[in-house]
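The values are calculated or read from the model by the stated rules, or taken from the named source; none is laboratory data. In this text the structure is predicted, and so the values were computed from the model without any measurement. Neighbour counts are summed over all protein chains in view; Cβ atoms, including those assigned to glycine, are modelled from backbone coordinates with ideal geometry.
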RNA sequence: GGGCGCAUAGCUCAGCUGGUUUAGAGCACCUGCCUUACAAGCAGGGGGUCGGCGGUUCGAAUCCGUCUGCGCCCACCA
């Protein structure tokens, strides 16, 4: 076939992706083959493709394509996540830009806007994945908020509620005053933050609400919360403050009287040893308050502003209030000093707002039992983490996990299926009808309108933890005794999961829990953790830094295969990826190399009558063996999830071995034809190489494979079998390596002496050389003759292994220079020999080391002696 | 504060159970080549006291201790 001189990725990619789709090449149905399943880590439905997605999905696609070529029934299920907080934030922002405020809308109106947004932006990212070559089974595309999957989430809630593991309670939660919702502990990011440590005087009361002239000092970072103080607390062992027992103090500015109490929680040597206890605005203080029966006074509203109960600074934002109250305290003489202070502060993962500890009624899921089982699944080795170090991280979290706050004060998500009764009771059911029926059992006179459904929705992860189950059978979650559907029982457990370590707790751990609860089995066998994609300076990719390339632009510029290679080249499991466009260029160059290699081979004319020459015969034998060995190496790398090592093995095999050595050896002279045997072998090699490359570079391999011969419609390289390794003649390969070393040395001599590669040289070899490789040596090194004897006359010598070789060079040998070189080499060999002999003369080594190692050292000694003799002989000739 | 991990060539990383002659790769770099597949290429080349110190061992990049410097996870000492 006529091949264009340059590879045009975008044209080829469009053509073959359309072809794969048209022929449903990615679609999978259960059959009698072994399944290989991956569920995509569902990207946010309104998200757009970034470099992290490229890395993750490239790895997934490599795995799925490899499995497919191993004859497995490969199924990669795509889909998106409704991402409740992120999406709701986006919709709120978009509405705000149009002058619409969320609080002016009803829930139904808001959800209409949200769904409209989802319809408009949802799935863009899945379209983008196609550009990358992702071989997802698009017929199976799922969305976590589609009706069936939402039903699964609700059923799950009811299941755990019936089990008594879901409960509603007033707890101190992490309140996000921007998103206006509680969030789970995992969504809080602690960062050391510079602030101030305010030392405040609290005057001791005379018992009638009037200050005495005595005071104590507390240190706080949050002076704006003093109005909510319920007590001052000291350590009972702190003798400094025993005089305060039974006393009361007055809160500055508002002069409210509060008691002094004692609790072990207070550290004597931290701050002043006096702690102001503010139960409504600090989790520890809340605990103290419970122990001492203190009142809870909440003075901060949902948006982080002081409310009327604060008495002063009402309506002020908490940070403005902090500045203002500091001034007020100073004016009132209560501010003793202000220190610079750095302490960890919790921020919302989504909005970056400073978290406000807030007492509120939320739904929780009991975690202890689920966590214990999920820990066992990993500790027992039923699930394997790559790299292994994440087991430690996982164990630590599992052993310290707290109950999961699953309610969110949002609208975008699955609404909690709890209905409140007029008498304050609650019923939980999968539907409103069932809830009413349940309620009527308690009180037959109740009507539908008497029931009020909980306003909150469920945490997004409360739906994504079902993903590996619900994509195959949404009936299963919530109904562990349900008979799994055909797809679920065939595809579950999935095989491998590729994801980032940042969601090991959010998602990975919880999928393991849900898997155990509803399937009594693990959700996947292996979890491959990628790193974070950074720029080449090691900085995180971010919009503000502008250091994040648009993957689609890269694909447009370099081609999808090149982008995939660029990502894979620098990715080892668990390590951050330092992305550099140079790597994508390298990928593009590799495409060019493959393309041009086929241009060469496909342009050859075959002479049916020609005999196969000795050089070609030897080259074919060599590459056949090398290919076999490399197939084994690649398989081993893949088995250990060393994807970039597998790629590098293939890369070097194709470029260095196949192109630079094999093709150069067999390629016919200008205008000459090639013999049939060599041509067929070469095409066979090429075809095997393409199959080996296909999982990492699907497009160019399909293009060339399709062009190699007539293919039937629907036939694709992706259904070909991975080449299988034959027996490997190791001695032959190693003899060929020696030959290559000789050739490189001869070329080196040419380069040094400024001789043209076209100029034939005469070589002398002293030592053993494999006879059948002689023609190869002569061709590759462009030799006129090879003589197995010491050279007569001036020559440049070098040593390969234990073979000494000399290039005869009349008039070009500088005896002095040559002597210097040989002497340096000799010196080096003598030192080496001395080292080896020191070992061998050490009685402890000879008796202590394994026989094979001692034998190895003896061989080294003999080889060194041989080399020294050869070098000395050359020197004496000079 | 607790835990985990990392440190090998200019850069990114391999180096698996301690022993493969002088510790490897890719990229970058230097030199020479527009050789009829490919200059996005070809041929050749230079470059590392394996973070410091101490220990175990016949033998350490590899095992142990310690120090230094990074990274990550967990953690509400106000």
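Yes or no: the stretch A:559-579 includes at least one residue that is farther than 29 Å from residue A:502 by Cα and crowded, with 20+ Cβ neighbours inside 10 Å. Yes, the stretch A:559-579 contains at least one residue that is farther than 29 Å from residue A:502 by Cα and crowded, with 20+ Cβ neighbours inside 10 Å.
Residue pairs whose Cβ atoms lie under 8 Å apart, separated by 6 or more positions or on different chains, with the first residue in the stretch A:268-286 and in contact (Cβ under 8 Å) with a residue 24 or more places away in the chain and more than 21 Å from residue A:250 (Cβ to Cβ) and the second in a strand (DSSP E or B) and near RNA strand B (Cβ under 7 Å from one of its atoms), are A:283/A:172; A:283/A:357; A:286/A:172; A:286/A:357. On the stretch given as the stretch A:575-611, residues that are within 8 Å of RNA strand B (Cβ to nearest atom) and within 30 Å of residue A:385 (Cα to Cα) total 6. Every condition in (1) surrounded by 13 or more Cβ atoms within 10 Å (Cβ to Cβ); (2) out of contact with any helix residue (DSSP H, G or I) (no Cβ under 7 Å at 6 or more places or on another chain) is met by residue A:825 except one, and the failing one is (2). Selection of the stretch A:730-753 for residues being within 9 Å of RNA strand B (Cβ to nearest atom), surrounded by 15 or more Cβ atoms within 10 Å (Cβ to Cβ) and free of Cβ contacts under 8 Å to residues at least 40 places away in the same chain yields A:743, A:747, A:750.
Say whether the condition of being surrounded by 21 or more Cβ atoms within 10 Å (Cβ to Cβ), away from RNA strand B (no atom under 11 Å from the Cβ) and either assigned to a helix (DSSP H, G or I) or modelled with pLDDT under 95 (or both) is met by at least one residue in the stretch A:715-727. Looking for residues that are surrounded by 21 or more Cβ atoms within 10 Å (Cβ to Cβ), away from RNA strand B (no atom under 11 Å from the Cβ) and either assigned to a helix (DSSP H, G or I) or modelled with pLDDT under 95 (or both), one finds at least one in the stretch A:715-727, hence yes.
For the stretch A:390-403, does any single residue satisfy the condition of being in contact (Cβ under 8 Å) with a residue 60 or more places away in the chain, surrounded by 19 or more Cβ atoms within 10 Å (Cβ to Cβ), more than 26 Å from the chain's Cα centre (by Cα) and not in a loop (DSSP other than H, G, I, E, B)? Within the stretch A:390-403 (the criterion being in contact (Cβ under 8 Å) with a residue 60 or more places away in the chain, surrounded by 19 or more Cβ atoms within 10 Å (Cβ to Cβ), more than 26 Å from the chain's Cα centre (by Cα) and not in a loop (DSSP other than H, G, I, E, B)), the answer is no, since none of the residues qualifies.
Does residue A:199 count as within 15 Å of RNA strand B (Cβ to nearest atom), surrounded by 14 or more Cβ atoms within 10 Å (Cβ to Cβ) and either under 28 Å from residue A:359 (Cα atoms) or without any contact (Cβ under 8 Å) to a residue 12 or more places away in the chain (or both)?
yes
Checked against (1) at pLDDT below 95; (2) on the phi < 0 side of the Ramachandran plot, residue A:108 passes all but condition (1).
Conditions (1) touching a helix residue (DSSP H, G or I) at 6+ places or on another chain (Cβ under 9 Å); (2) modelled with pLDDT under 95; (3) assigned to a loop (DSSP other than H, G, I, E, B), marked per residue:
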| site | (1), (2), (3) |
| --- | --- |
| A:412 | yes, no, yes |
| A:427 | yes, no, no |
| A:436 | yes, no, no |
| A:440 | no, no, no |
| A:472 | yes, no, yes |
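Checking A:222, A:303 one by one, the residue that is within 11 Å of RNA strand B (Cβ to nearest atom), within 21 Å of residue A:357 (Cα to Cα) and surrounded by fewer than 21 Cβ atoms within 10 Å (Cβ to Cβ) is A:222 and no other. With respect to (1) closer than 23 Å to residue A:409 by Cβ; (2) at pLDDT 95 or above; (3) surrounded by fewer than 20 Cβ atoms within 10 Å (Cβ to Cβ), the lone exception for residue A:159 is condition (1). Just so you know, in the stretch A:266-285 the residues that are closer than 20 Å to residue A:185 by Cβ and within 7 Å of RNA strand B (Cβ to nearest atom) include one that is surrounded by the most Cβ atoms within 10 Å (Cβ to Cβ), and it is A:282.
Listed by first and then second residue, the pairs linking a residue in the stretch A:122-133 that is closer than 16 Å to residue A:16 by Cα to a residue that is in a loop (DSSP other than H, G, I, E, B) and modelled with pLDDT of 95 or more, with Cβ atoms under 8 Å apart and 6 or more places separating them unless they lie on different chains, are A:129/A:78; A:129/A:136.
Considering A:495, A:489, the condition of being buried (at least 18 other Cβ atoms within 10 Å of the Cβ), over 14 Å from the mean Cα position of the chain (by Cα) and under 20 Å from residue A:30 (Cα atoms) is satisfied by A:495 alone. Considering A:790, A:805, the condition of being more than 14 Å from RNA strand B (Cβ to nearest atom), touching a residue at least 12 places away in the same chain (Cβ under 8 Å) and in contact with a strand residue (DSSP E or B) (Cβ under 9 Å, 6 or more places away or on another chain) is satisfied by A:790 alone.
Checked against (1) buried (at least 16 other Cβ atoms within 10 Å of the Cβ); (2) more than 7 Å from RNA strand B (Cβ to nearest atom); (3) on the phi < 0 side of the Ramachandran plot, residue A:641 passes all but a single condition, namely (3). Based on what the data block shows, is residue A:531 in contact (Cβ under 8 Å) with a residue 12 or more places away in the chain, within 16 Å of RNA strand B (Cβ to nearest atom), surrounded by 15 or more Cβ atoms within 10 Å (Cβ to Cβ) and part of a helix (DSSP H, G or I)? Criteria not met by residue A:531. Of the residues making up the stretch A:249-269, those that are within 15 Å of residue A:292 (Cα to Cα) and not in a loop (DSSP other than H, G, I, E, B) are A:258, A:259, A:260, A:261, A:262.
Residues checked against (1) touching a residue at least 24 places away in the same chain (Cβ under 8 Å); (2) closer than 30 Å to residue A:315 by Cβ; (3) more than 49 Å from the chain's Cα centre (by Cα):
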| position | (1), (2), (3) |
| --- | --- |
| A:227 | yes, yes, no |
| A:231 | yes, yes, no |
| A:236 | yes, no, yes |
| A:248 | yes, yes, yes |
| A:252 | yes, yes, yes |
| A:260 | yes, no, yes |
| A:263 | yes, no, no |
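The condition of being touching a residue at least 60 places away in the same chain (Cβ under 8 Å) and within 14 Å of RNA strand B (Cβ to nearest atom) holds for only one of A:651, A:670, that being A:651. Checking each residue in the stretch A:126-157 for being part of a helix (DSSP H, G or I) and in contact with a helix residue (DSSP H, G or I) (Cβ under 7 Å, 6 or more places away or on another chain) picks out A:128, A:129, A:130, A:131, A:132, A:149, A:152, A:153.
State whether one or more residues within the stretch A:818-834 are near RNA strand B (Cβ under 10 Å from one of its atoms) and not in a helix (DSSP H, G or I). So far as the stretch A:818-834 goes, no, none of its residues is near RNA strand B (Cβ under 10 Å from one of its atoms) and not in a helix (DSSP H, G or I). If you go through the stretch A:350-389 and keep only what is buried (at least 20 other Cβ atoms within 10 Å of the Cβ) and part of a loop (DSSP other than H, G, I, E, B), you end up with A:355, A:383.
Summed over the stretch A:853-863, residues that are more than 8 Å from RNA strand B (Cβ to nearest atom) and farther than 12 Å from residue A:837 by Cα total 1. Taking the residues in the stretch A:768-787 that are outside any helix (DSSP H, G or I) and within 11 Å of RNA strand B (Cβ to nearest atom) as candidates, determine which candidate is surrounded by the most Cβ atoms within 10 Å (Cβ to Cβ). Residue satisfying both the conditions and the ranking: A:781.
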